[in-house]
Amino acid sequence: MPQPADRLQGTLDLLVLKTLTWGPAHGYAIARWIEQITGEVLMVGEGSLYPALHRLEEREWVEAEWQLSATKRRTKVYRLTPAGRRQLRAEASSWEQFVDAVTKVLKTQERPA
């Protein structure tokens, strides 16, 4: 049976884009927010998160800039672009349709014809 990490892979871009609607954030903060909001059901590892952030940056859905953290360490901070907001709306709508369809199948009590 697939583990939550397997399901996370297909939705990580959507989750990252949504996370960035709250404002610019560095990678660790993005991962922690997703983990916290899901009650740690979805655990985002560096091996998945950073390739996703690079992919989103290449598609110009996020922008990144180097900044100094409160501890004076250089950290890359990601920000949602207008194109990223449009993509988030499109992906969220598509995801909601998918979830509704799967829910219908799982909740049906009727035997297929």
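The values are calculated or read from the model by the stated rules, or taken from the named source; none is laboratory data. Keep in mind it's a predicted model, so treat the numbers as computed, not measured. Methodologically, a virtual Cβ is constructed for each residue, glycine included, from the backbone with ideal geometry; neighbour enumeration extends over all protein chains shown. Accessible surface areas use protein heavy atoms only, side chains included; no ligands, DNA or RNA. Shrake-Rupley method; radii C 1.70, N 1.55, O 1.52, S 1.80 Å.
Here are a few things to note about the model shown:
- Assuming charge only on the beta carbon of Lys and Arg (+1) and of Asp and Glu (-1), the dipole of the chain about its Cα centre is about 220 debye to the nearest 20.
- Which of PRO82, ALA113, SER69, positive extreme of dipole for the chain (C-beta unit charges): SER69
- Rounded to the nearest 0.05, the FRET efficiency derived from the C-beta distance between ARG89 and TYR28 at R0 = 35 Å is 0.85.
- Among GLY39, PRO24, GLY10 the positive-end extreme of the charge dipole of the chain (Cβ point charges): PRO24
- Virtual spin-label span in nm between ARG79 and GLU57, 7 Å along Cα→Cβ: 1.5
- Estimated 222 nm signal from helices in the chain, with DSSP H stretches of n ≥ 4 weighted -39500 (n - 2.57), rounded to 500: -18000 deg cm²/dmol
- Answer label, with percent of Cα pairs over 18 Å apart calculated from the coordinates and candidates (i) 56; (ii) 41; (iii) 48: (i)
- In sequence order, calculated HN-Hα J values of the range 87-93 (Karplus, 6.51, -1.76, 1.60; Hz; x Gly/Pro): 5, 4, 4, 5, 5, 5, 5
- Ligands, DNA and RNA left out, the 1.4 Å accessible surface of the chain is 54% carbon and sulfur atoms.
- Packing-based ranking, highest mean first, of 84-95, 10-21, 64-75 given that Cβ atoms within 10 Å are counted: 10-21, 84-95, 64-75
- Area accessible to solvent at VAL105, 1.4 Å probe radius, in Å²: 110
- On full extension, the segment bounded by ILE37 and GLN109 gains 22.7 nm, given 0.36 nm per residue less the C-alpha separation.
- Chain lengthening between ASP100 and TYR50 when straightened (0.36 nm per residue, less Cα-Cα): 15.0 nm
- Amide hydrogen neighbours beyond the local backbone of HIS26, cut-off 5 Å, H modeled: TYR78
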